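Since the structure comes first, as structure tokens, the remarks are kept for the end.
The values are calculated or read from the model by the stated rules, or taken from the named source; none is laboratory data. Since this is a predicted model, take the numbers as computed values, not measurements. Reconstructed Cβ throughout: ideal geometry from the backbone, glycine too, with neighbour counts over all protein chains shown. These accessible areas exclude ligands, DNA and RNA; they are computed on the full protein's heavy atoms, side chains included. Shrake-Rupley method; radii C 1.70, N 1.55, O 1.52, S 1.80 Å.
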Amino acid sequence: MIDLLQQDWQHVPGIVADGDELRVTATGRSIVEQDGGGGQADPPMDLAGTHLVGVADFSFRASFADVTADATLSLLDSPPVIADEFRLEPAGLHLTLSGDDLRITVFDGASPDDVSEPRPAEDEHVTLSDPEAELTVDRRGGQLEVASDGMTLSTLPLGDVFGSGELWLGLSSDEGTFTVDSLTAAGGASLATAGPVAADAEPSPDGLQALAARSRPDFLVGAAVALGPLASDAHYADELVGEFGALTPENAMKPQALSPRQGEYAFAEADALLDLAESKGIAVHGHTVAFTEAMPRWMQDLPSDTEDEREASAEVLLGYVTTVVTHFRGRLDSLDVVNEPFDVDQGTELQENTWLRVFGQDYPVVVSQAVHDADPEVRQFVNENGADVPGPRQDALRQLVLDTNAAGGHIDGVGLQTHIYDLDTDAVSADDLDTTLDAFEDAGLIVRISENDVTDAQGQAAQAEQFATILATCLASETCVSYTTWGVDDRYDFFADDDGLEQGHDLLFDDGEPTPAYDAVRAVLAD
């Protein structure tokens, strides 16, 4: 018997240990779509704490008290995969108590028709005679049985959804609070607790970062990272910790993750990533402060029609900036203070968003000053796509930074994303990137290659060549201070288009194995 209340829950948003109990509070976490709409629920899981391994048949016992609205216990076969605009729901069971109604939801891990509205394999409601009675979940072979107060509520032929031999735990509420009085697990002799697998990963003396340091000791080779695979996938953890010297939180530091509700903050998962980075000697690039996308609804809807409204909203936004940057002060090497300021059609006009409506065209100045006041040591960047090659968009980005600094800002440089979605239209030549780096150097600015990924649609050889070209050109320029790929392993690289859910193949690793692109990048660093 394992008492799960005594395990590590400190990095789970909305959960506070209180003696022999856990107090759970709704976080309101959701994932908005690119246009700012939607809001797929993203209930927190215990990723950086404790999960169960050696799982075969098992028995869970749980009891809740003081439920003000709803209470959910989640038992998942693996952590969810979080993409920019949706969450892929893994196989698992969710029990949601609301009054005397218990909702039993089972997902089988199948690819959804609609990523923003995944449909469970089983979804039923039962009425409880005593909502505070102990709930039990038993798995016996291919059967799942849910019971309360000794009475069977549902028997489902879905026990095979738990096939990984692991169980990941979640406690959450949509709208209220509740207390967990007891939470235990029992199973065979092999059932045990485990922490995140990344704890066992070690930097490689022959990894990409180690190779880079031999020629440019201060140059950083990084990757965008998600906590779920870093905690659960040993291959992913070894790839990140072994090869890279820097990480960018892929989603954990965006506004919708840090402050789902106005005035409330959920730093737990971002802190878990930073704790891991510090323990492995990995630098962290923060991503991001002011951004049109990935904003919680409350931030999008701040009023700005009148001067009084703008003043009140400005106080709220600056309070957010100060709180967030102060919280991470001293733990970040650098930070995107403004992300993707220009319109999405590759133009040169500032995007219409909350920051623009409240502060006007000079909002980058205001944000930069607020960041500097909260952490004067962190290096500040403006991060943008489509500015990797000479042209009007690049000129506009450079001028925006120069104007911002002339007006009192503290921007150190720019992030050039270098997303290569189509080699015919997006490819970056060595000459163009060299000209670009010279232009920013002449302006007194440094550069990060911030989100590089390259499609393999024209073959892995062409993909590898483009990766190598970008890194080699960056590495040869003193003004280019770091190189980051937008992800670690294609196993977790998903996007949605008109054909539904698609898996990308545009990173240095695929399903735990290095790709030819990795070999090409490695050859550049070893030369």
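Brief remarks follow.
- Residue match in region 95-108 (condition: touching a strand residue (DSSP E or B) at 6+ places or on another chain (Cβ under 8 Å), open to solvent by less than 70 Å² (accessible area, probe 1.4 Å), part of a loop (DSSP other than H, G, I, E, B) and closer than 24 Å to D42 by Cα): no
- Members of region 327-348 that are of a type in the set (G, A, S) and in contact with a strand residue (DSSP E or B) (Cβ under 6 Å, 6 or more places away or on another chain): S334
- Checking each residue in region 189-206 for being surrounded by 14 or more Cβ atoms within 10 Å (Cβ to Cβ) and either among the polar types (S, T, N, Q) or in a loop (DSSP other than H, G, I, E, B) (or both) picks out L191, T193, G195, P196, A201, P203, S204.
- Selection from region 1-36 of residues that are surrounded by fewer than 21 Cβ atoms within 10 Å (Cβ to Cβ) and within 13 Å of A257 (Cα to Cα): S30
- Considered as a group, the residues in region 373-393 that are part of a helix (DSSP H, G or I) and within 30 Å of I470 (Cβ to Cβ) include one that is farthest from the chain's Cα centre (by Cα), and that residue is P392.
- Pairs linking a residue in region 372-389 that is on the phi > 0 side of the Ramachandran plot to a residue that is modelled with pLDDT of 95 or more and part of a helix (DSSP H, G or I), with Cβ atoms under 8 Å and 6 or more positions apart or on different chains, are G386/R393.
- Single condition G222 does not satisfy, out of (1) part of a loop (DSSP other than H, G, I, E, B); (2) among the small types (G, A, S); (3) modelled with pLDDT of 95 or more: (1)
- Within the set T425, T436, T404, the sole residue that is hydroxyl-bearing (S, T, Y), open to solvent by 10 Å² or more (accessible area, probe 1.4 Å), on the phi < 0 side of the Ramachandran plot and part of a helix (DSSP H, G or I) turns out to be T425.
- Scanning region 302-329 for residues that are of a type outside the set (A, V, I, L, M, F, W, C), part of a loop (DSSP other than H, G, I, E, B) and more than 16 Å from T288 (Cα to Cα) gives P303, S304, D305, T306.
- Residues being of a type in the set (S, T, N, Q) and open to solvent by 20 Å² or more (accessible area, probe 1.4 Å) - total across region 220-255: 2
- Candidates in region 439-455 are the residues that are assigned to a loop (DSSP other than H, G, I, E, B) and in contact (Cβ under 8 Å) with a residue 12 or more places away in the chain; of these, the one that is nearest to R214 (Cα to Cα) is L445.
- Just one of the listed residues (T127, T105, T136, T96) is farther than 28 Å from A48 by Cα and either out of contact with any helix residue (DSSP H, G or I) (no Cβ under 6 Å at 6 or more places or on another chain) or aliphatic (A, V, I, L, M) (or both), namely T127.
- When residues in region 309-334 are screened for being closer than 19 Å to W298 by Cβ and of a type in the set (G, A, S), 4 of them pass.
Residues are listed down the side, and each one gets a yes or a no for (1) in contact with a Lys or Arg (Cβ under 8 Å, 6 or more places away or on another chain); (2) touching a residue at least 40 places away in the same chain (Cβ under 8 Å):
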| position | (1), (2) |
| --- | --- |
| L220 | no, yes |
| A234 | no, no |
| L258 | no, yes |
| F267 | no, yes |
| A270 | no, yes |
| A294 | yes, yes |
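- For region 476-527, a residue qualifies if it is buried (at least 19 other Cβ atoms within 10 Å of the Cβ), among the aliphatic types (A, V, I, L, M) and outside any loop (DSSP other than H, G, I, E, B), and the qualifying residues are V481, A517, A520, V521, V524, L525.
- Pick from region 178-212, criterion of a type in the set (S, T, N, Q) and under 25 Å from the mean Cα position of the chain (by Cα), ranking: farthest from T136 (Cα to Cα): Q209
- Sole residue being within 23 Å of H287 (Cα to Cα) and open to solvent by less than 60 Å² (accessible area, probe 1.4 Å), chosen from A374, A462, A468: A374
- Sub-8 Å Cβ pairs linking a first residue in region 154-170 that is closer than 23 Å to V126 by Cβ to a second residue that is in a helix (DSSP H, G or I) and not basic (K, R), at least 6 apart or interchain, are L169/L4, ordered by first then second residue.
- Hits in region 408-419 - residues which are outside any loop (DSSP other than H, G, I, E, B) and either buried (at least 21 other Cβ atoms within 10 Å of the Cβ) or of a type in the set (S, T, Y) (or both): G413, V414, G415, L416
- The listed residue being open to solvent by less than 40 Å² (accessible area, probe 1.4 Å), over 25 Å from I15 (Cβ atoms) and not in a strand (DSSP E or B), out of P118, P112: P112
- The sole residue among A496, A523, A468 that is over 22 Å from N385 (Cα atoms) and small (G, A, S) is A523.
- Q361 satisfies every condition listed in (1) open to solvent by 50 Å² or more (accessible area, probe 1.4 Å); (2) part of a helix (DSSP H, G or I); (3) free of Cβ contacts under 8 Å to residues at least 24 places away in the same chain except (2).
- Restricting the first member to region 456-475 and to residues that are among the β-branched types (V, I, T), and the second to residues that are assigned to a loop (DSSP other than H, G, I, E, B) and buried (at least 22 other Cβ atoms within 10 Å of the Cβ), the beta-carbon pairs closer than 9 Å and six or more apart or on different chains are I470/D388; I470/T418.
- Looking across region 131-153, the residues that are touching a residue at least 24 places away in the same chain (Cβ under 8 Å), surrounded by fewer than 18 Cβ atoms within 10 Å (Cβ to Cβ) and part of a loop (DSSP other than H, G, I, E, B) come down to E132, A133, E134, G141.
- Criterion violated by D42 - all others in (1) at pLDDT 95 or above; (2) of a type in the set (D, E); (3) farther than 20 Å from L93 by Cα satisfied: (3)
- Residue within region 51-58 that is more than 22 Å from L274 (Cβ to Cβ), open to solvent by 30 Å² or more (accessible area, probe 1.4 Å) and in contact with a Pro (Cβ under 8 Å, 6 or more places away or on another chain) present: no
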